[in-house]
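The block underneath contains the structure these notes are about, expressed in structure tokens.
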Number of protein chains: 2
Amino acid sequence: MTSDTPTPLGELLRLREAHLGKALSIAHGKPLHITHGSMQYLYAADGTRYLDLVNNVSHVGHSNPRVTQACAHQMGLLNTNTRYVYNGLTEYLGRIADTLPETLSVGFLVNSGSEANELAVRIARAHTGAHDMVVVEGAYHGHTGMLVDLSPYKFRGPGGKGEPEPWVHVLPIPDSYRRDGVDFPAEARLAIEGAGRFAGLLIETMLSCAGQVPLPEGYLAAVCRAVREQGGLLIADEVQVGFGRVGSHMWAFEESGVIPDIVVMGKPMGNGHPMAAVFTTPEIAASFEQMEWFSTFGGNPVSCAIGMAVMDCIEHDGLMARAEQLGGRFMQRLVELQDKHPIIGDVRGRGLFLGFELVSDLSTLEPATEEAGQLVNEMRRRGVLLSTDGPHHNVIKIKPPMVLNEEDIDTTLEHLDEVLTSL
Amino acid sequence: MTSDTPTPLGELLRLREAHLGKALSIAHGKPLHITHGSMQYLYAADGTRYLDLVNNVSHVGHSNPRVTQACAHQMGLLNTNTRYVYNGLTEYLGRIADTLPETLSVGFLVNSGSEANELAVRIARAHTGAHDMVVVEGAYHGHTGMLVDLSPYKFRGPGGKGEPEPWVHVLPIPDSYRRDGVDFPAEARLAIEGAGRFAGLLIETMLSCAGQVPLPEGYLAAVCRAVREQGGLLIADEVQVGFGRVGSHMWAFEESGVIPDIVVMGKPMGNGHPMAAVFTTPEIAASFEQMEWFSTFGGNPVSCAIGMAVMDCIEHDGLMARAEQLGGRFMQRLVELQDKHPIIGDVRGRGLFLGFELVSDLSTLEPATEEAGQLVNEMRRRGVLLSTDGPHHNVIKIKPPMVLNEEDIDTTLEHLDEVLTSL
């Protein structure tokens, strides 16, 4: 068994150098050697406690005891695959289905958001008979071959081909801050009509890698109409924002009143345990029955027990209501900070999925990329983990475990005020 | 939390009907309602104990306490992602690297065999600059869009397109039983040369879905030479057969003396926990550094602790030596059975990855598909889980948890003798 005694950082880094693929980079510039976690906090080998404001995967808290216990209990009892019938699988699927619009009643369980988005696209293609896909500029949907082609964040980024494949159509970012005044629904409709025949639009219901951008009001409804007119399906990627993070609803798409054809969920689903899902209608699922589909690990009894415990935490601990309340407080205090520090060009988000954008000039919106990096580093020195996102790496993203408290927020804002003053 | 009290089977099936994608079929014809597992045994809701001879995922035994304990311990301490530095990741990668040829020192951890094969192909394409791939007839490599295109078992099967994509080249099955007398290395070389420029050959080091077919002697060395002459990489898919199952070696490719360029491992790696890996050389990994690669869950501390516990079980409990010894006993007794029952056309395999093929005519090799199904059902009635595989569904596959014992084998053989007599 692995020892719990921390290995010296230098030795760990030497071993990473030797054995770990270097396509993987380390968070927070300087490596952070973490030894344990507890709810909203991570603890480093040198004893420092960090408030974690970036790891949305640890949705109900690092090392949440309810999740650990559910996992250990089920692992001691049974772990097998969905070719067998066992308690837990259908209860879990039913529980998730109960949080979705009634039509989205059929679920597929897999092991990651990448597997889930892959499956969603396969299902959309089987149902429509079309092959092309539409995505949004700046989006990241996963690390498989096809999903890199469907992720402008990757194919336009370092090592990418630069241009989309002929079967990929890209909608401009509906960013109300940087592209103020554009008629986004009209712009999207034109691009969707221009795409011809396609299987679906894969869209995050709040844009994450693109810079924590909420969709403008009416946008999702408009693109949904345009997509369906072309015979395509609307696939809502809720991997980053689902499971009550937006506070007002369990799923971010619910705000828009639109019912997607397929919903993809992932990251927080197992609080760090590898699990993800695709839900769709019985009619669309039926189109996918021609070829047998099977995931060795997807929907195993341990994953289901963990998923169930996460849902228990969300419900019993009232985490959605807390996300709304705490997110509101966070947002309000950030807006106050914006009044004081003109470098904050925009504050945006919903619930505990927030972002604020740093600019060096409020008229040209010149990104304050360097300052954003400095802010993250200085906040880390003060024990608060944040990170940057967006095409210019100048958006500070906030998506903490949902179990933080008012004091965490107030302390963060005090530090932010001091750091912004010193920049 | 999910109740441990078994739900009535009818109710579970009704809920599956309502919520589970029907592209997923149930094992063993009639649904088997399993409530718990212990090492080589699964227990049904009606109290029946089944000897499990098919679930190679439960490599070190169902509900293995060492694995459960390692998981619970680490979950209580820390679960995070590889952007942080923590104990356990590099120790685990190093431990796996130590079982591989020295050159294969760089690892990538993911959540399933599908993700691992996807990554292996992406790496091969990045390294060679070529796009085409070569695979073997009858192979199954995973459920993503690209891997279905690379799996003749899928694209030639129900719901498939029938023919390979233009970028996919298929080698005939080197099946020494059904295609006796063919010069397989020469046949493969011709096909590989005909493929032109390609990124790699993705090949299981023992064919599984194709019918538990060991590669003929000299075959892997010959195809490896041909592949490299064309500028391609040899990708060994060890997802089904790795981790000591073949008994003589930790990896099935080792038998051939060939060192692959990329090795893919999965199923037994976490004893049911979703994890898988790709290992390659530092030179090949370096070609993949142009674009950042990240898996949210891959290589998390809990997966590493579980993987480490599985390796502990394999080593401390001497499971490789047991696989060789028990597999030898199994094989010998099956060969004896073959002498008595002419319906057994062939017995084959290595260690605890075995198969026997039923034929109704020893000269035409007419597949005894119906009898194979009857045998599986009757063995199940007697408390032994087996299943069929191969293009004609007439191969009985045997790949049990590696913790079974001599008595399990002897009892199985007695039942098999009686069932074959009654057919």
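Take every pair of alpha-carbon atoms less than 8 Å apart whose residues are at least six positions apart; their mean separation over the length of segment A:100-217 yields a relative contact order of 30 percent. Give the relative contact order (percent, whole number) for chain A; include only Cα pairs under 8 Å separated by 6+ residues. 22 percent.
Here segment B:270-353 is treated as a sphere whose radius is the Kirkwood value from Cα pairs; by Stokes-Einstein at 37 °C and 0.692 mPa s it diffuses with a coefficient of 196 µm²/s. Where the alpha-carbon atoms of chain A are placed on the principal axes, they occupy 60, 58, 44 Å, in descending order. Residue B:9 label point (Cα plus 7 Å toward Cβ) to equivalent points in the other copies: 5.8 nm, shortest first. With only Cα atoms counted, segment B:58-106 has Rg and Dmax values of 13.6, 36 Å. With the alpha-carbon atoms of segment A:65-316 aligned to their principal axes, the span from lowest to highest coordinate is 56, 39, 39 Å, starting with the largest. Here the convex hull built on the C-alpha positions of segment B:31-83 has a volume of 123 cubic angstrom per residue. State log₁₀ I(q)/I(0) for segment A:141-233 at q = 0.18, 0.20, 0.26 Å⁻¹ as given by the Debye formula over alpha-carbon point scatterers of equal weight, solvent excluded. For segment A:141-233, the Cα-only Debye profile gives -0.88, -1.08, -1.47. For segment B:65-316, the Cβ-based charge dipole about the Cα centre amounts to some 500 debye (Lys, Arg positive; Asp, Glu negative; other atoms uncharged). For chain B, the mean residue ellipticity at 222 nm estimated from helices alone is -11500 deg cm²/dmol, where every DSSP H run of n ≥ 4 contributes -39500 (n - 2.57) and the total is divided by all residues, rounded to the nearest 500. Kirkwood Rh and Cα-based Rg: tell me the resulting Rg over Rh for the protein assembly as shown, rounded to two decimals. Computed over Cα atoms, the ratio is 0.97. Set the Cα radius of gyration of segment A:41-127 against 2.2 N^0.38 Å, with N its number of residues, and you get 1.46.
Take each residue in A:92-102, count the other chain C-beta atoms within 10 Å of its C-beta, and the mean is 2.
In terms of overall dimensions, segment A:197-354 has a Cα radius of gyration and Dmax of 17.8, 60 angstrom.
In terms of packing, defined here as the mean over residues of other Cβ atoms within 10 angstrom, the peptides A:356-368, B:220-232 line up highest first as B:220-232, A:356-368. Sequentially through segment B:183-192, phi angles give Karplus couplings (6.51, -1.76, 1.60; θ = phi - 60°) of 7, 4, x, 5, 4, 5, 4, 4, 5, 5 Hz, Gly and Pro residues having no value and appearing as x. Simple spin-label estimate for residue B:366 and residue A:421 gives 9.2 nm between the two label positions (7 Å along the Cα-to-Cβ direction from each Cα). Taking every DSSP beta bridge that has both ends in the protein assembly as shown, the antiparallel portion is near 65%. Averaging 1/r over every pair of different alpha carbons in segment B:167-285 and inverting the result gives a Kirkwood radius of 14.9 Å. For segment B:197-257, the mean projected area of the C-alpha convex hull, equal to one quarter of the hull surface, is 4.2 nm². On the principal axes of its alpha-carbon atoms, segment B:41-193 has extents of 54, 48, 32 Å, going from largest to smallest. What separates the Cα centres of segment B:179-197 and segment A:131-149 is a distance of 37 Å. When DSSP beta bridges are restricted to pairs lying wholly in segment B:65-316, around 40% turn out antiparallel. All distinct Cα pairs of segment B:225-295 go into the 1/r average, and the inverse of that average, the Kirkwood radius, is 13.6 Å. Summarised in one figure, the compactness ratio Rg/Rh of segment B:301-390, Cα atoms and Kirkwood Rh, is 1.12. Note on residue B:14 and residue B:103: with the Förster distance fixed at 51 Å, the Cβ-Cβ geometry gives a FRET efficiency of about 0.40.
Kindly work out what percent of the DSSP beta bridges joining two residues of chain A are antiparallel, to the nearest 5. Rounded to the nearest five, the antiparallel share is 65 percent. Dipole orientation for segment B:65-316: of the candidates B:92, B:114, B:227, B:114 has the Cα lying most toward the positive pole (charges on Cβ; Lys, Arg +1; Asp, Glu -1).
Read-outs throughout are calculated quantities, based only on the coordinates presented, and are distinct from any laboratory measurement. Remember, predicted model here, so these are calculated numbers, not experimental data. Here Cβ is always computed from backbone atoms with ideal geometry, including for glycine, and neighbour counts include all displayed protein chains.
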